[in-house]
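Scroll down for the structure; my scribbles are underneath it.
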Amino acid sequence: MSKYNERIQAREMRKKGISILKIAHDLNVTKSSVSAWCRDISLTKEQNERLQKNKGVSVTTGQRIGAERNKQKKLDAILFAEKEGQKIVSKISKRELLLIATALYWSEGSKTDTTSTWMFVNSDPEMILLMNNFLVDVMDVLQEDIVCCIQINRIHEQRIKKVLIFWKKLLGLKGSQIRKPYFVNTKVNKVYENYDTYFGVCRLFVRRSKNLKYKMVGLIKALKNQILSA
């Protein structure tokens, strides 16, 4: 985890439009290190103009206009896709939620004979919440029978309380339903921009759920037969 804190500081400084040279000087690190840590950070038009002006080089009007137009095209395309998605999806029925959850469990759920319980694993909080709602609303699982265990890198140990509270509130669980977290000791060589908003991998369990697991495996088989034999 060498210079991990310097990497985080460097990225925060770069986002504010500070030059690579000044960041390297202030943090007492090499210019090449700062460049490598911040290569994926894009500066705003104003930040770029300020840096270029300080170098005695101005950004041309044509370049600015072209960049702004491309950015607006991208935003317009995203907004259009979101509106189209809303029209297509509309309201989800319980049967549709069942099919969605079955497909997700096919991808990320426990299916082998080595596991004896229903278990779904993912790092996306919204996907975990979807599966939690599926269990309660479609499969009639009692909320108190749902348990979760969080797996996260050791670099997040200092904020683990915040991480566990996040999952507890999201899923509406009691403290006894949150198992002891599992810390991964893999060395981190990359600076993750979402450090403060990352909440680990959630393993969602259901107590005494062997038959529920069998039911999910049966649903997956039926889904395969319908899709792949069509």
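Throughout, read-outs are computed from the coordinates displayed, never taken from laboratory work. The shown structure was predicted, so the numbers you read here are calculated from the model rather than taken from an experiment. Neighbour counts run over all protein chains shown; Cβ positions are idealised from the backbone, glycine included.
Helix 160-171: angle to the longest alpha-carbon principal axis of the chain, degrees 0 to 90, nearest 10? Rounded to the nearest ten degrees, it is 50. For chymotrypsin sites (Phe, Trp or Tyr not before Pro), the sites in the range 109-199 that DSSP calls loop and that have at most 16 other Cβ atoms within 10 Å are Tyr192, Tyr198.
Of all lysines in the structure, those lying under 20 Å Cα to Cα from Lys187, and not within fewer than 8 positions of it along the same chain, are Lys3.
From the P(r) of the range 4-86, could you give the percentage of C-alpha pairs in the tail past 21 Å? In whole percent, the share of Cα-Cα pairs in the range 4-86 beyond 21 Å is 46.
Across the alpha-carbon atoms of the chain, the computed radius of gyration and Dmax are 23.8, 71 angstrom. In the chain, the DSSP-assigned H stretches of four residues or longer account for a calculated mean residue ellipticity at 222 nm of -17500 deg cm²/dmol, using -39500 (n - 2.57) per stretch and the full residue count as denominator. For Lys221, a cut-off of 29 angstrom between C-alpha atoms picks up these lysines, skipping any fewer than 8 places away in its own chain: Lys91, Lys94, Lys111, Lys210, Lys213. Here is the result for the range 116-165: no GluC sites (Glu not before Pro) lie in DSSP coil with at most 10 other C-beta atoms within 10 angstrom of their C-beta. Length gained on full extension, Met127 to Ala81, computed as 0.36 nm times the residue gap minus the Cα-Cα distance: 14.5 nm. Computed 3J(HN,Hα) for the range 10-24, one whole-Hz value per residue from the Karplus formula 6.51 cos²θ - 1.76 cosθ + 1.60 where θ = phi - 60°, is 4, 5, 5, 5, 5, 4, 8, x, 7, 5, 4, 4, 5, 4, 4, glycine and proline marked x. Couplings for the range 202-213, taken from phi via the Karplus curve 6.51 cos²θ - 1.76 cosθ + 1.60 with θ = phi - 60°, read 9, 9, 8, 10, 10, 5, 6, 10, 4, 5, 5, 4 Hz in order; Gly and Pro are left as x. One compactness figure for the range 94-228 is 1.11, namely its Cα radius of gyration divided by 2.2 N^0.38 Å. Each part gets one Cα centre, and for the range 70-104 versus the range 165-230 those centres are 23 Å apart.
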